[in-house]
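Written below as C-alpha cells is the structure these notes are about.
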Amino acid sequence: MITSLIVAVAENNVIGKDNDLIWRLPKDMKFFKETTLNHHIITGRKNYISIPKKFRPLPNRTNIVLTRQTDFKEEGCVIAHSLEGAIAHAKDNNETELFIIGGGQIYKEALEKGLIDRMYITHVHHDFDGDTFFPEIDEKIWNKVSEISNSVDEKHQYPYSFVVYEKIN
Ligand SMILES: NC(=O)c1ccc[n+]([C@@H]2O[C@H](COP(=O)([O-])OP(=O)(O)OC[C@H]3O[C@@H](n4cnc5c(N)ncnc54)[C@H](OP(=O)(O)O)[C@@H]3O)[C@@H](O)[C@H]2O)c1
C-alpha cells in the first residue's frame, strides 16, 4: 500500500484559517475528489468537522477520523486514536493507495514520522493570511515527478499548479 497525502498550499505555506479553507478553486476541489474517490482517507478531527455537515462523511470513500477523544462518534466513519492505527486499518482492508487529507497537525506528524510515500500538492501561487501551515518541502527527500500549471480564469482567482512528489529512497 502507498501512503499519500493531498493538500493545497499557498506560497507562504498557509493551508487554512479559523478552521476553514481560504481560497475557492473549483478545479482543485474536482482534482481532490477524483484523486481520493474509492480510497481510504485519513482526516484530523478538526479538518473533518470543518467540512459542512451535508457533505460529510465524504461519499464513496472510507473516512477515518483521528481523535484523542475516546467517546467521539460519527455515523459512517471509522474512528482512530493514532495515525499508525488509522494507516493499519486501511492496509488491513486491502487499500492500494491511502490518502491523508489533513489538516495541519496530521500532515506534520505523518511527514515527521516518515510515513508518506507520495504527495499531491496543489501549489496556490499567492500569499495568504492564515493560522495553519504545511511543513517546508525538503528537496533532498522529495522528487517532483509531475507538474501541471493552471492560469487565472473567471472561476479561479489565483494561478495554481498540480504537483506530484515522490519520496527519494
Ligand atoms: N489547504 C488544504 O488542502 C487543507 C486540507 C486540510 C485541512 N486544511 C485546513 O487545516 C485546518 C485544520 O488543521 P488543524 O491542524 O487545526 O487540525 P487537524 O490536523 O485537522 O486536526 C487536529 C485534531 O486531530 C486529532 N489528532 C491529531 N493528532 C492526533 C493523534 N496523533 N492521534 C489521535 N488524534 C489526533 C486531535 O483531535 P481531538 O482534539 O478530537 O483529540 C486534534 O485536535 C483547517 O483550517 C482546514 O481548513 C487545509
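Some points to look at:
- Test result for Glu84, out of contact with any helix residue (DSSP H, G or I) (no Cβ under 7 Å at 6 or more places or on another chain) and not in a helix (DSSP H, G or I): no
- Restricted to segment 60-73, and to residues there that are in a loop (DSSP other than H, G, I, E, B) and within 11 Å of the ligand (Cβ to nearest atom), the residue that is surrounded by the most Cβ atoms within 10 Å (Cβ to Cβ) is Thr67.
- Condition check for Ile106: closer than 22 Å to Thr132 by Cα, in a helix (DSSP H, G or I) and among the β-branched types (Val, Ile, Thr): yes
- Condition check for Ile79: in a strand (DSSP E or B) and under 18 Å from the mean Cα position of the chain (by Cα): yes
- Filter result for Phe99 (surrounded by 15 or more Cβ atoms within 10 Å (Cβ to Cβ) and touching a His at 6+ places or on another chain (Cβ under 7 Å)): yes
- Screening Lys17, Lys27, Lys33 for residues that are within 12 Å of the ligand (Cβ to nearest atom) and basic (Lys, Arg) leaves exactly one candidate, Lys17.
Rundown of residues vs (1) within 11 Å of the ligand (Cβ to nearest atom); (2) surrounded by 10 or more Cβ atoms within 10 Å (Cβ to Cβ); (3) of a type in the set (Lys, Arg); (4) in a loop (DSSP other than H, G, I, E, B), yes/no style:
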site	(1), (2), (3), (4)
Ile42	yes, yes, no, no
Tyr48	yes, yes, no, no
Leu58	no, yes, no, yes
Glu75	no, no, no, yes
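- Residues of segment 19-40 include at least one that is more than 27 Å from Tyr158 (Cα to Cα) and either β-branched (Val, Ile, Thr) or assigned to a loop (DSSP other than H, G, I, E, B) (or both).
- Yes/no for Ala88 being modelled with pLDDT of 95 or more, exposed (fewer than 15 other Cβ atoms within 10 Å of the Cβ), of a type in the set (A, V, I, L, M, F, W, C) and within 15 Å of the ligand (Cβ to nearest atom): yes
- Positions within segment 109-148 being in a strand (DSSP E or B) and either aliphatic (A, V, I, L, M) or within 13 Å of the ligand (Cβ to nearest atom) (or both), in sequence order: Met119, Tyr120, Ile121, Thr122, His123, Val124, Thr132, Phe133, Val145, Ile148
- Cβ pairs under 7 Å, 6+ apart, first in segment 65-94 and over 18 Å from Ile51 (Cα atoms), second charged (D, E, K, R): His81/Arg68; Leu83/Glu109
The values are calculated or read from the model by the stated rules, or taken from the named source; none is laboratory data. Just so it is clear, the structure is predicted and the values come from calculations on it, not from any experiment. Because the Cβ atoms are built from the backbone with ideal geometry, glycine has one as well, and the counts that use them run over all protein chains shown.
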